[in-house]
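Just so it is clear, none of the values below were taken in a lab; they were calculated from the coordinates. Since the model is a prediction, treat every value here as computed from it, not as a measurement. Cβ: placed from backbone, ideal geometry, glycine included. Neighbour counts: every protein chain shown.
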Amino acid sequence: MKIRQPLDLSSCSVFEDRAFTVLFALILFLGSLFIFSGSAFAASTSVMTHAIPLTGYCNDPNPHCYATRTWLGHTGGSSTLINPYGSLNCQSCNGFIDVETWFEDTTDSQCTSTKYGECWVEGGISTWPANDPNSCHQGYDSTCGFWADNRPYGGNYNEHPLYNFGADGVNLVPYLFYITIKNDSGNSSSGSTWDVIVNIYKNGTLVAAPNGQSKSNTMNVNNITIGSELSDSNGSAGTIYFQDNQWMDTSGNFHYQTTTGNNYSTNPPPYGYWVTNPCNCQGNTGGSFDTYDS
Amino acid sequence: MLRFKIVCGAVLILAFVMLGGEFFMNVAGATPVKPPAPPPVHSPFQMSQTYVAGNPAIKPHLAQNGIGPAFTKADVAAYLEKYGFYSGPLAPGAHLKILTIEFVTAAQASQLMVGESVGRPDNYLVCYIKVEGPFLLTYVHGGVPGPHGNTNIPTTAKYGHAVFDAHTGNLLVWGVDW
């Protein structure tokens with residue numbers, strides 16, 4: 001007669017069996033998260049991803065490519081906040097990628113007769129290739145603040161440095177770039193001197209307030225534009241928002257934009273869309289326009 | 001039972017390693033969290049308090065007496081020969097020709113640029129240069145497309161000009177002419 005041996009409770013207790021069952025259930029659960037979501041934390045931490053492929057539109061550096069919104073109408077001033085949630089990248093480029101605002105006269109004959117067919121004052125943040133001697137970090141791919149103008153009567157295009165953010169691809173997230181362009185001597189859309197007022201914050205602290213003046217620029221401003229410009233197919237950019245979009249009335253008061261403006265963008269890249277539309281409604285702060293190039 | 005425990009332990013460790021890696025990868029690629037930006041404040045324009053230093057260009061080496069320049073015209077010529085002009089490379093087959101290098105006041109330099117601002121007080125000493133190409137406009141931040149224009153961006157300019165701070169050698173402004 002065969003006698004059954006007693007169970008060895010020291011090596012296989014009921015407690016241990018349950019522990020391993022729970023362990024297996026946990027592993028299966030985690031595994032299913034990887035399998036079905038592709039990423040255990042995808043839903044909770046990666047709120048926004050841009051995985052749209054490049055179209056190659058900018059293989060030729062001319063013409064340049066744009067993701068913009070334009071508000072039409074005469075005004076003596078504009079203001080926007082460039083709020084980066086990523087970087088600008090253009091390593092080994094000959095051209096650049098930027099985020100900026102333009103303040104323009106596109107209709108007066110003095111401006112339409114210029115080489116570019118319009119007058120403007122512009123300013124923002126751009127990459128600079130290493131082989132451009134104007135780089136704010138000479139000899140290196142860089143990220144720089146700038147302003148420029150294109151003036152009538154032989155004034156032509158001129159560009160001014162504003163700020164050195166660092167290397168190409170530098171983390172711009174800590175920064176806020178406030179830029180206001182306005183008539184220096186009044187509130188009219190017509191003038192000859194335009195103030196470029198920039199305030200740059202890093203981690204909430206004002207680190208620079210570089211200003212400029214566009215002189216002998218007899219514009220009658222009829223456009224405000226915000227957005228990104230790209231002139232090299234190697235360019236890319238993270239999410240960068242344009243917020244607190246404002247225009248100035250004839251009394252010198254600034255008002256938030258209440259419409260989404262006009263879309264005169266070229267084919268992407270770069271890409272742009274309204275995350276929050278400007279509206280004529282309670283709590284409007286001029287919308288939030290996102291540009292990126294992934 | 002022992003083999004079972006070892007396998008389970010290994011799988012558990014692997015799972016935690018994968019989880020950890022995934023977590024840090026997602027943290028790195030996730031949308032950053034920023035505190036809300038304060039609304040813009042429209043303060044009065046004060047040019048004199050915020051003169052821009054300019055971009056590094058010519059290395060100053062002459063002793064400074066507070067009046068004269070910290071570099072020579074030959075330094076400027078050497079710099080231009082080495083780096084070329086700011087708008088972009090020379091057009092194919094073209095050769096850089098230096099037309100003017102002169103130390104002038106900011107007001108005079110502004111006049112030479114049809115009123116363009118230099119970003120310095122009127123009597124401040126600067127170095128104005130003018131060059132001939134033609135040059136490609138590779139680095140020019142052009143205008144913007146709109147309802148009325150700028151679909152025809154020029155690709156070359158015959159002339160270029162620039163202004164350097166005579167004391168620091170930094171570039172203050174550059175431009176192109178046709």
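For the set A:K182/B:K82; A:K182/B:K73; A:K202/B:K59; A:K202/B:K158, the pairs lying more than 32 angstrom apart at their alpha carbons are A:K182/B:K82; A:K182/B:K73; A:K202/B:K158.
By the count of neighbouring beta-carbon atoms within 10 Å, fewest first, A:Y271, B:Y139, A:Y116 end up ordered A:Y271, A:Y116, B:Y139. The Rg/Rh ratio for the stretch A:57-293 is 0.94, where Rg is the radius of gyration of the alpha carbons and Rh is the Kirkwood radius.
Diagonalising the gyration tensor over the Cα atoms of the stretch A:65-189 and scaling each eigenvalue by 5 before taking the square root yields semi-axes of 27, 17, 12 Å, largest first. Enclosing the Cα atoms of the stretch A:171-285 in their convex hull gives a volume equal to 151 cubic angstrom per residue. The mean number of partner chain beta-carbon atoms within 10 angstrom of a residue's beta-carbon across peptide A:173-179 is 3. Mean silhouette area of the stretch A:69-120, derived from the convex hull of its C-alpha atoms and averaged over all directions, reads 5.3 nm². Volume per residue for the stretch B:26-118 equals 268 cubic angstrom (convex hull of Cα atoms).
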